[in-house]
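In what follows, a structure is listed as structure tokens, so that the remarks can point back to it.
The values are calculated or read from the model by the stated rules, or taken from the named source; none is laboratory data. Just so we're clear, the structure is a prediction, and the values are computed from it rather than from any experiment. With ideal geometry, Cβ positions are generated from the backbone for all residues, glycine too; neighbour counts draw on all protein chains shown.
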Amino acid sequence: MFDADVIINIFNVDKINKDAGRIKALQEYIGESYFDYLAGLPDLVMLMDEAHRYRAKAGMKAVAELKPILGLELTATPKTVGAKSVDFANVIYRYGLAEAMEDGFVKEPAVATRANFNPSSVSPKELERIKLEDGVHAHENVKVELDIYARETGRPLVHPFMLVVAQDTAHAREIRETVEDDKFFGGRYKDRVIEVHSALKGEESDEAAEKLVGLEKDGKTEIVIHVNKLKEGWDVTNLYTIVPLRASASEILTEQTLGRGLRLPYGARTGVEAVDTLTVIAHDRFDEVIRQAREDGSPLKVKAVQIGNGGDVSLEGAVLLESPTVLETVLTSKVEASPDKPAPAPIFDTQEARTVANVTLQVIRQMERELPNLDQLKRPEVQEKIAQRVAEITRPAQGTLEGVIAAADVGAIVATVTTKVAEQTIEIPEIVVLPTSEVTFSFSDFDLTGLDRLTPQPMSMEITIHELRTERRRTIARTLADRREERFEDYLVTHLIDHDEVDYDATADLLYKLAGQMVAHLRGYLSEDDDVENVLLTQGKMLADTIFSQMMAHYVETPTRYVGKVSKGFTLLKPLAFKVTDPKAVRDFRKPVVPAGDTRKHVFDGFTKCVFPHQSFQSNEERLFAVLIDTHEPKVERWVKPGPKQFQIEYRRHEKYEPDFVVETATEKLIVEIKARKDMTDDTVQAKATAARTWVGYATRHAASYGGKPWRYVLIPHDEMTENATLAGLVAKFNMQAIVDEDVALEAAS
């Protein structure tokens, strides 16, 4: 804390530096009377933002007039401005870009190029066009990813834009003409471009500045072209693609370039790679940027992105494929069939009837907390209640319905919809599972062993000083006086409690017992207490590490406990959304992808038992499991790969688990997870499994209350997904016991 009467923050330093009457400018900025008051304070502390701007003579003199006893400077660039900039020598705390990336406070930078592309094979002008086109591909790709993320999470939609860095004003004008030309993606980006540089004057400059300010909320602007005019004060969160033209690798890697797009739109990383990544298009500097980023001292560790069909970003562009459930589609839509993909027959023939069906589904969603299970939808009194609500909602819009659909017909439609929903939906209750405690660590009681092999000796109590210039050495004596502990054991315990696993309050007795055994061992071969203390002082950490290594052999971890609560008897499945290059390019799920590692890049259809017409798989083994349950298992009635937010299972604080599959058979329901064999014992996989077992325990207990099907959790190693595998065999071998409350196990029915 500073003994000061006031801390003042001055922002308008550029105005003061440029104004010949700098003191007057400062007086006007903060008010003349307040200026006089501050100048008369004996203990004025000043907090100065954008400190690199203060080093100009006029600004410094204006600040000096206030006679502060201390100035605290804040800046992202701790060096003077100008051609011959000098690093500040008075930095007392530094938090750099590398630390911010490591701690997850900014986006991860990635550098992109085309696979097997040789930039020297094309002219410089053609290279720029290719980079601009690929920048647009990357931009359109992230637009779809952000749209999907917003739909799945319910968070605000982020409108991304692309920043193009030009060499000079003439170059900027040339780029704008290129991207607004009809030949550039069919003129799609006309009137969607901002050009910002010093040559803009009057209304044109004002218009560009206004668009810049509103860029985060303006979904129209998609490309910004600038020539080093974007300085302090312009920070946005929705910049996702940068195209630096005619820039060196060093210029690309500067914080001034990357810093424009590193801010996170949601204030923290989401865990979704596309939402958390800033992409730089650098075809002609790709290898050089990667090399420089890997050098020691570089603040950046950038990811490589491939542009091209089969790569991370397709040249065919990206579109959003919305996929409601099959049932919702046949109830509420006019289904169009194609020769190769016949569509299910629609249930209602008229648009008016489909409108009432859609409203009925919305009312059912509103009643998820009221009804304990889906079978309740078949009850006449429930159908009548729903029909009344539907009639009330549709009545204001009955200008088109009046006289076409009678009130009795609304009731009939409601009866049809509710019955179909009850019979053709996987009933998934909403059960909120939360960890009730964090993992705790303890150590069982034991005695140290093997101490006879450990005989450290006293060390010299002198300090050697080496003079760098003269190469002379000298020694000075040091004493133990300022380091003495009350008990010899304290020298060891001080080091032991530095380990995160050691809770002093819980393990103090064991720590002092073990430390006492070590001290007794030292006294067994050292006759003088001074020698014992010398060893403890000079080699105490080594001895404590020896003790800790034996403690870890007696380490006991108390697992997190979970508790569940049924908040809804059922939840209707929400529509899914996928990113595809072309909806017609969706693949038949029965046909494997070559190479198999590319399976996760595709969207599949052709299912007969999946409640959605489209699904995606994270591995070929997941696809094989889908083939098994959809094609070869007659007892499977329906299945789904649930979307985000369908389950409320937290396996750690604020970290949610989303199961791979939900499968309903004639006798039971399964949550199925497929993991790589090497990951089966991973702590995260096991934590998810424990939380999921708790979920199925509560789900089974809830189902038992009304005669519903029990649940089981099945964790399958990936190499068990062979062509001759059966669902019954996999479940028998890999199902895990359910958990409810204080380890009360519920056996799921076979």
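Numbers below:
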item	result
Residue, farthest from the chain's Cα centre (by Cα), within the range 86-133, restricted to residues that are small (Gly, Ala, Ser) and in a strand (DSSP E or B)	112
Single match in 633, 622 (criterion: under 29 Å from residue 694 (Cβ atoms), in contact with an Asp or Glu (Cβ under 8 Å, 6 or more places away or on another chain), charged (D, E, K, R) and not assigned by TED's automatic domain parsing to the domain that holds residue 153)	622
Tally of residues being assigned to a helix (DSSP H, G or I), buried (at least 18 other Cβ atoms within 10 Å of the Cβ) and among the hydrophobic types (A, V, I, L, M, F, W, C) across the range 504-527	7
Odd one out for residue 575, checked against (1) at pLDDT 85 or above; (2) over 30 Å from residue 365 (Cβ atoms)	(2)
Residue 427 being at pLDDT 85 or above, outside any helix (DSSP H, G or I) and farther than 30 Å from residue 549 by Cα	yes
Filter pass, residue 275 being modelled with pLDDT of 75 or more, part of a helix (DSSP H, G or I) and within 21 Å of residue 161 (Cβ to Cβ)	yes
Pairs where the first residue, in the range 138-165, is under 16 Å from residue 269 (Cβ atoms) and hydrophobic (A, V, I, L, M, F, W, C) and the second is modelled with pLDDT of 90 or more and part of a strand (DSSP E or B), C-beta under 6 Å, 6+ apart	142/240
Test: residue in the range 547-563 that is closer than 30 Å to residue 652 by Cβ, among the basic types (Lys, Arg) and outside any loop (DSSP other than H, G, I, E, B)	no
Residues within the range 270-284 that are in contact with a strand residue (DSSP E or B) (Cβ under 7 Å, 6 or more places away or on another chain) and of a type in the set (A, V, I, L, M, F, W, C), tallied	4
Qualifying residue in the range 580-601 (condition: more than 22 Å from residue 696 (Cα to Cα) and touching an Asp or Glu at 6+ places or on another chain (Cβ under 6 Å))	yes
Filter pass, residue 649 being surrounded by 18 or more Cβ atoms within 10 Å (Cβ to Cβ), part of a strand (DSSP E or B) and at negative phi	yes
Residue list for the range 411-420, restricted to those being buried (at least 22 other Cβ atoms within 10 Å of the Cβ) and either touching a Leu at 6+ places or on another chain (Cβ under 9 Å) or of a type in the set (S, T, N, Q) (or both)	417, 418
Qualifying residue in the range 405-421 (condition: modelled with pLDDT under 85, part of a loop (DSSP other than H, G, I, E, B), farther than 30 Å from residue 556 by Cα and not small (Gly, Ala, Ser))	yes
Considering residues of the range 579-594 that are at pLDDT 90 or above and part of a strand (DSSP E or B) only, the residue farthest from the chain's Cα centre (by Cα)	588
Filtered residues of the range 103-118 (kept if surrounded by fewer than 16 Cβ atoms within 10 Å (Cβ to Cβ) and touching a Lys or Arg at 6+ places or on another chain (Cβ under 9 Å))	104
Any hit, the range 222-236, residues being within 21 Å of residue 104 (Cβ to Cβ) and either assigned by TED's automatic domain parsing to the domain that holds residue 152 or at pLDDT below 70 (or both)	yes
Residue 588 vs. criteria in contact with a Phe, Trp or Tyr (Cβ under 8 Å, 6 or more places away or on another chain) and in contact (Cβ under 8 Å) with a residue 24 or more places away in the chain	no
Among the candidates 546, 581, residue that is hydroxyl-bearing (Ser, Thr, Tyr) and under 30 Å from residue 318 (Cα atoms)	581
Residue in the range 661-675 that is out of contact with any strand residue (DSSP E or B) (no Cβ under 8 Å at 6 or more places or on another chain), surrounded by fewer than 20 Cβ atoms within 10 Å (Cβ to Cβ) and closer than 24 Å to residue 600 by Cα present	no
Checklist (1) surrounded by 14 or more Cβ atoms within 10 Å (Cβ to Cβ); (2) at pLDDT below 85; (3) in contact with a Pro (Cβ under 9 Å, 6 or more places away or on another chain) applied to residue 122, failing item	(3)
Single residue of 579, 641, 645 found to be charged (D, E, K, R), free of Cβ contacts under 8 Å to residues at least 40 places away in the same chain and outside the structural domain of residue 138 (by TED's automatic domain parsing)	641
